[in-house]
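Read the structure below first, then the notes.
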Amino acid sequence: GSLSLTLGILDKGPLAEAIYKSSLQARGFYWRGAINMIIDNPFFGVGMDGFGDWYRRSRDIQALTTPGVNTVVNAAHNVFLDLFAFGGWPLFLTYVAIVLLAGISLIKVVLRSKKYDPIFVAISVAWLGYQLQSLISINQIGLAIWGWVLTGALIAYERNTRNSNVEEI
């Protein structure tokens, strides 16, 4: 099922007609534009919210026919690519480190948990859902705030539920 779904997203296989839509194709053009921006400006990016200013000069030649020459977009529709294009390696690596810290926190709690914890499950599922959504969504403030809040909550939950083995003096 996962293989069929992945192939469908890439416009291949039996589910391609049902899954692959023009919005996915457009996202591919936006992602390639972001990658071109990253290649051209790897160290400091194009500036915060500079994607729209750089998209027309960074898009692939195929983007001129579909979605069209007059198409303007302000985001790569992928939070990781957005941040990489905006701030280059420094911003991208910082964001990846924070996401990895949250992922490590999730794994630590899972490994030490002996029983079902509904609060942890809720935070984890919401955080994982946000991370998946961030792969195809813009970094809009209403969504981004949930990513930051859930990332902080997951890290804080792991720290708060640690067993304290340090003797108090």
(Q) Using a Gaussian network model on the chain with a 10 Å cutoff between Cα atoms, which of D11, D60, D40 fluctuates the most? (A) D11
Q: Label region 7-148 by shape, choosing from rounded, prolate and oblate, from the square roots a ≥ b ≥ c of the eigenvalues of the Cα gyration tensor; if a/c is under 1.5 it is rounded, and otherwise prolate applies when a/b is larger than b/c, oblate when it is not.
A: oblate
(Q) As I understand it, the dipole of region 1-95 uses +1 on the Cβ of Lys and Arg and -1 on the Cβ of Asp and Glu, about the Cα centre. Which of L15, G68, L5 lies farthest toward its positive end? (A) L15
Q. Taking θ as phi - 60°, what are the ³J(HN,Hα) couplings along region 97-110 by the Karplus curve (6.51, -1.76, 1.60), each to the nearest whole Hz, with x for Gly and Pro?
A. 4, 5, 5, 5, 4, 5, x, 5, 4, 4, 5, 4, 5, 4
Q: Only helical DSSP H runs with n ≥ 4 go in: add -39500 (n - 2.57) per run for the chain, normalise by residue count and round the 222 nm mean residue ellipticity to 500 deg cm²/dmol.
A: -21500 deg cm²/dmol
Q) What are the ³J(HN,Hα) values, in whole Hz, obtained from phi via the Karplus relation 6.51 cos²θ - 1.76 cosθ + 1.60 with θ = phi - 60°, for each residue of region 48-57 in sequence order, with x given for Gly and Pro? A) 4, 6, x, 4, x, 6, 9, 4, 4, 8
Q: Provide the solvent-accessible area of S137, counting protein heavy atoms only and rolling a 1.4 Å probe, rounded to the nearest 10 Å².
A: 10 Å²
(Q) Take I107 and D49, extend 7 Å from each Cα along the Cα→Cβ direction, and tell me the distance between the two endpoints in nm. (A) 3.7 nm
Q | Protein-only accessible surface order, largest first, of E158, E17 at 1.4 Å | A | E17, E158
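The values are calculated or read from the model by the stated rules, or taken from the named source; none is laboratory data. If you're wondering where the values come from, they're calculated on a predicted model, not measured in any experiment. Every residue, glycine as well, gets a Cβ built from its backbone with ideal geometry; the counts of neighbours run over all protein chains shown. What goes into the accessible areas is simple: the full protein's heavy atoms, side chains included, and nothing from ligands, DNA or RNA. Shrake-Rupley method; radii C 1.70, N 1.55, O 1.52, S 1.80 Å.
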